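Single-structure report; data block below.
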Amino acid sequence: MKYTWKIGGEAGFGILTTGSLFSKIASRRGSYIFDFIEYPSLIRGGHNTYDVTISDTPVHSLKEGVDVLICLNKETYVLHKSKLSSTSRVVYDPDEFTPEEGVIRVAVPFTKILAELKGQVIMKNTIALGASLAIFGADLTELLSIFETQFKKKGAEVISMNQEFAKRGFDMVIQNNIKDIIPALQKKESGKKIVLNGNEAFSYGAVAADCRFYCAYPMTPASTVLTTLAAWGKKTGMVVRHAEDEISVINTALGASFAGVRSAVGSSGGGFALMVEAISLSGITEIPLVIFLSQRPGPATGMPTWTEQADLLFAVHAGHGEFQKIVLAPGDQEEMILQTIKAFDLADVYQVPVIVMSDMLLSEAHKSISFEKIADFLKTYKPNRGKLVATAEHGYKRFAVTDDGISPRLIPGDPNNFYQANSYEHLEDGHTTESDIERIKQVNKRARKMNGYLTSDFILPTVLGDLKQAKTVFIGWGSTKGVFLDAEETAKEKGLSVAFMHFSHVYPLSKEKLSPLFADTTKKYILVENNSEGQFGKLLRMETGISIEKKVLRYDGRPLTVEAILAEA
Amino acid sequence: MATLQDFTGYAPTWCPGCGDWGIGMAIKTALVEMGFTPSSLMVTFGIGCSGNMNDFLNAYALHGLHGRSIPTAIGMKLANHALPVCAIAGDGDCYGEGGNHFLHACRGNHDIKVIIHDNRVYGLTTGQVAPTADKGYPSKSTPSGIIEVPIDPLSLAITQGATFVAQSFAGDLKHMSEMIKAAFNHKGFALVNILQPCVTFNKKNTYPYYMQRVYKLDGTHNPQDKISALQRAMELHEEKFPLGILYETTRKTYHEEAMNNVATPLLSQARYTDFEALSDEFV
């Protein structure tokens, strides 16, 4: 069974911390979670909510509706009561308001407890966490130990005070509502699970790939990659530079990569736009670079804290002139770790910029995943740096014309040589040229690199369900994978004849490899995207000639839902 | 030991009489005299007549984008601080298009040597005004004279935290190479602003113009004295140009502060592999 827990309150009052603690505790008790935060672009004021869906089996998107609603204020109830059913538990402060009939009321006198224990308003969260764990049949073991670690430096008094608030919330439910408990969070044995969001997954992948330099300028929803990697710097040795602007960001990273160090940058659409000229520089100088692009609704400032997939065509076309790049769009946290690692390898092997796309949904939603697969992969993983060399024969040519288009890349410092990486069109040795013959040689050399990618490294979409039998096939990319996985499960339960194709390798696309997947014209193909124009559909048509007419598009800043997708089946 | 010839690439395409010839020779002379080879340093170039030195000077080089020679140099230094790093750019390149990078690089005290060809005009795009031009200077893009007052690069560098600020003149080869050597010997962000006549497009700031207005700083100037350095720098507004080290101080460099282990260049450090411990943050 899946249950959705939702907490709401005023922005600036710790909703994010409370929600992520609830997710962590649920995971530590052996459950799977998926969570999502909704918040306005403000530091204080406005309404914040945090939803966590918990389940005994892996969960990939939020389950619709609310099973347990924690109201830190009346507004939470008013705004979200439409999502409640007769079995929903509503935690509220009877001194503030009482929910209408038709739900299971769980009274927790927050104000009274605060007054009695002389706590600040923010401690409401702690009371709410205690009550939430009680409602789901958990005990307080994990929460109490988290407080011990979290407040170690602040001393025993702070620890016991926090623990006391949690116990009071917990006891309230046990005393008055024991019959309303949902035993979903009883302790279960499970292997090591990690709870992380897409930005943390990218950060983890970057460290695993031996990225040693990360440069960024803060921009929601990409900023937490910068802060996560900076926080890890003392441990990992990665140098993290918060530069003056995104133009500096990418040029600094290209300088570091030129010098031989794996480097990456990250931003959202606006900051990425400032980087575009230098992406083109990466193209002609063949300096590898990984670019993390976490989308949010645009244009311009748009809706900074909401989600959208509207920068795909921009990413694919970012940069003047014709040059090679690879765009990946991992679908969930596990793919984000593994494909980030792959992105660094691809950048080195093909000596191209590789863009790893995310969006607010994937960047900020947490998901619990098994660590085993990641650990197994990392046991044997060695960075593949392609044709990078530390020494070369005298007379080395940086842009030597080769069959596969890839030239050996010499790390600067070899005492037998020197060379320039040149933003002008160049000869094989790097010197500037305007010769027609040399121009064609270099353009063709660079272009050949993608033949190797399409043959050896392009990955076909993940197919969910029975593609042969299905009458309807949904096509999506990036963060829509989560909702596809859950929709597949629902479709099975409902006996719907559907299948799903999820693309993570979105550019370039192989016509030869993809055409067979779309060969059956009796099927209904439906594009599913979090944007208003169906950008992947356009890209697919441009690259392969495959045209999809039917679309499920959402562009109100909110993630797609299982219901909206299956309504078209 | 490397010779001038070892550093010499293609024959320059600069106009006859251009100040860039002198600057190019001064850079090579300084590099030879310091005992460098083309394999022992990294250089970044911007775009412009100065940036075209990419083909004339042998080194490990990145000829990047207009205005961006400073950030690329910063990245190189952070990745491998064992090699000296030098950014070669023009005044429009570094103080106009890349102005933001310039002032933040001063703040960071990145250990890079910045050599600016300051000719007060855009040569490669055939004669538009540069941000260093005097107010009222007429050009193709400002036929009625430039409205803005000139940028004051030396004062800007001093006030934003540069730890070495010098000025030289393209007509004085020996002085230029001395200043370039001093910049390389300084640990931290070093600016050498070189006053350079553009014989083709700038008919005002000519060799005779500078000959009459430059003067060498002597023993009476104390480069440690920031206020005095600023006073000298601001003589620009009276069309007086001090040559020499205006300001020098010491501060930890950016890479020394940013790196965990400054004893080994980032490039050569051991790979971090404690993935299990790192994942525990997410349990």
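Bear in mind these aren't lab numbers, they're just calculated from the coordinates by the rules spelled out. The model shown is predicted, which means the values in this text are computed figures rather than measured ones. All Cβ positions, glycine included, derive from the backbone under ideal geometry; neighbour counts span all protein chains shown.
Annotations
- For A:Val389, the residues whose modelled amide H falls within less than 5 Å of its own, excluding neighbours fewer than 5 places apart on the same chain, are A:Arg409, A:Leu410, A:Ile411.
- Computed from the C-beta positions of A:Asp180 and A:Lys153, the FRET efficiency with R₀ = 45 Å rounds to 0.75.
- Mean-position separation - Cα centroids, region B:203-230 and region A:448-500, in angstrom: 70
- Simple Cβ-charge dipole of region A:435-484, Lys/Arg +1 and Asp/Glu -1, about Cα centre, in debye nearest 20: 120
- With contacts taken as Cα pairs under 8 Å and at least 6 residues apart, chain A reaches a relative contact order of 11 percent.
- Order of A:Ser86, A:Ser294 - criterion: other Cβ atoms within 10 Å of each residue's Cβ, fewest first: A:Ser86, A:Ser294
- Nearest-20 debye value, chain B charge dipole, Cβ charges on Lys, Arg, Asp, Glu: 640
- Exposed loop sites were defined as trypsin sites (Lys or Arg not before Pro) in DSSP loop states (anything but H, G, I, E or B) carrying at most 16 other C-beta atoms within 10 Å; in chain B the longest segment without such a site runs B:1-134.
- Under the simplified labelling scheme, the A:Ala447-A:Ala519 pair shows an inter-label distance of 2.9 nm, with each label point 7 Å from Cα along Cα→Cβ.
- Helix A:223-236 vs. chain A, principal-axis angle (Cα, 0 to 90°, nearest 10): 80
- Within the listed set B:Glu97, B:Glu148, B:Glu238, the Gaussian network model of chain B (springs between alpha-carbon atoms below 10 Å) gives the highest mean-square fluctuation for B:Glu238.
- Burial ordering of A:Ser280, A:Ser82, fewest other beta-carbon atoms within 10 Å first: A:Ser82, A:Ser280
- Charged-residue dipole, Cβ positions (Lys, Arg, Asp, Glu), region A:54-112 about Cα centre, Debye nearest 20: 40
- Long-range lysine pairs (8 or more apart or interchain), region A:163-242, Cα under 24 Å: 7
- At R0 = 41 Å, FRET efficiency that the Cβ-Cβ distance of B:Glu235 and B:Met1 yields, to 0.05: 0.55
- On full extension, the segment bounded by A:Lys511 and A:Ser547 gains 11.7 nm, given 0.36 nm per residue less the C-alpha separation.
- Crossing angle, helix A:156-176 versus chain A [Cα axis fit, 0-90 degrees, rounded to tens]: 60
- Region A:27-72 versus region A:324-395: alpha-carbon centroid distance in Å: 29
- Using a cut-off of 18 Å between Cα atoms, the listed pairs A:Lys6/A:Lys81; A:Lys494/A:Lys550; A:Lys342/A:Lys441; B:Lys28/B:Lys174 include A:Lys494/A:Lys550; A:Lys342/A:Lys441 as exceeding that distance.
- Once the Cα atoms are used to define both axes, helix A:535-544 deviates from the longest principal axis of chain A by about 30 degrees.
- Region A:195-380 shape via C-alpha gyration tensor axes, a/c threshold 1.5: rounded
- Exposure proxy ranking, count of Cβ atoms within 10 Å, fewest first, for A:Lys188, A:Lys373, A:Lys2, A:Lys481: A:Lys188, A:Lys373, A:Lys2, A:Lys481
- Partners for A:Lys74 among aspartates and glutamates (Cα-Cα distance below 13 Å; same-chain residues under 8 apart left out): A:Glu10, A:Asp93, A:Asp95, A:Glu96, A:Glu100
- From helices alone, chain A scores -11500 deg cm²/dmol at 222 nm; the rule is -39500 (n - 2.57) for each run of n ≥ 4 DSSP H residues, then divide by the residue total.
- Chain B, relative contact order [Cα under 8 Å, separation at least 6], %: 18
- Residues of type lysines that B:Lys140 reaches as a straight line, Cα spacing below 29 Å, ignoring anything fewer than 8 places off in the same chain: B:Lys203, B:Lys204, B:Lys240
- Here the spin labels are modelled as points 7 Å beyond Cα on the Cα-Cβ line, and at B:Tyr10 and A:Ala115 they lie 8.4 nm apart.
- In this simple spin-label approximation, A:Ile459 and A:Thr490 carry label points 7 Å from Cα along the Cα→Cβ vector, and these lie 2.6 nm apart.
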